[in-house]
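Since every read-out is calculated from the coordinates, none of them should be taken as a lab result. Note that the structure is a prediction, hence the values are computed from the model and not measured. Virtual Cβ from ideal backbone geometry, glycine too; neighbours counted across all protein chains shown.
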């Protein structure tokens, strides 16, 4: 169990060397390389690919500029499997959640120009709910993404049984918004990978992949094609007699072959950004798409703007994304965090980018 009062003083330096800190045999290094388990060219800036990829229509083009990265050593007092990230006080720190049900509070130390240099652990919180069946416990506690509610409370999505929960003031107590039986038959461990709050205070939750039993997600909305993923629109202010939130269709997000949903967040202009990942023999690729809102207040999934696409191995298995500005007139910042899959020899990467041309 994690101590909610744990304030271990531990710093993760920005110049941490992944190969110097991970004690592997040559055989393990070779296996890790072949499986793409360690990022290649970890100090190189990622290649930016502009324009659109099928099957959606690109809208304009933009560049994201690298703005710092931090490697978190495997021996740090933090659980692995980081999958969601959220800024605290305009980038002074971050919340993170892991797929082992841990919420972590971090302090960010920055250079004079704002570049990320260090992360310092503030506290760990244990979100886990116990169950005698280990498989049920894992499915119940697999936290994947974070979002702020209109009142500043933290909301967490869980992919195992398709749940979104509001955390209490203690950052531990969970109030479920979704009926636990709603999506239990949909698909194991492939559900609410991404969570984002819309400007009206409602939320959208996106499965990692196209789920089975689509009728559970459709809410009367027909898919556009065989690859699109259904989006669930959650209305916390519209409660059913059961006390759970009303669910409606959030549309269908078109996908490209090989890509899977990792995270989502909303920028201050109302646009929804979606982080995706793909894996190859030389490592993971990351892609970020930006979607403006329609007149109905939902993302225009048919028209996505590619903001970033990296080569395999340039980053890690990036699963979390946070959008924020250090000041109202400052450029938009994008912070990504990797999931090390709770590996004993893979570190966690936090990488930041800036969009200088953000509206």
- Footprinting exposure proxy for 192, 183, 219 (fewest neighbouring C-beta atoms within 10 Å first): 219, 183, 192
- At a Förster distance of 45 Å, what's the computed FRET efficiency of residue 269 paired with residue 134, Cβ-Cβ distance as r, to 0.05? 0.55
- Item | Pairwise centroid distance, computed over Cα atoms, of the stretch 122-158 with the stretch 231-270, Å | 17 Å
- Message: Only counting other Cβ atoms within 10 Å, I'd like 255, 321 sorted with the fewest neighbours first.
- Response: 255, 321
- Pseudo-spin-label distance residue 327 to residue 227, built 7 Å along Cα→Cβ, given in nm, is 4.3 nm
- Taking 0.36 nm per intervening residue step and subtracting the Cα-Cα distance, what contour gain separates residue 294 from residue 179 on full extension? 38.6 nm
- Query: On full extension of the chain, what length is gained from residue 169 through residue 111, given 0.36 nm per residue of separation minus the C-alpha to C-alpha distance?
  - Reply: 17.7 nm
- Query: How high is the FRET efficiency from residue 88 to residue 212, r the C-beta distance, R0 35 Å, rounded to 0.05?
  - Reply: 0.40
- Neighbour-count ranking [beta-carbon atoms within 10 angstrom, fewest first] of 318, 96: 96, 318
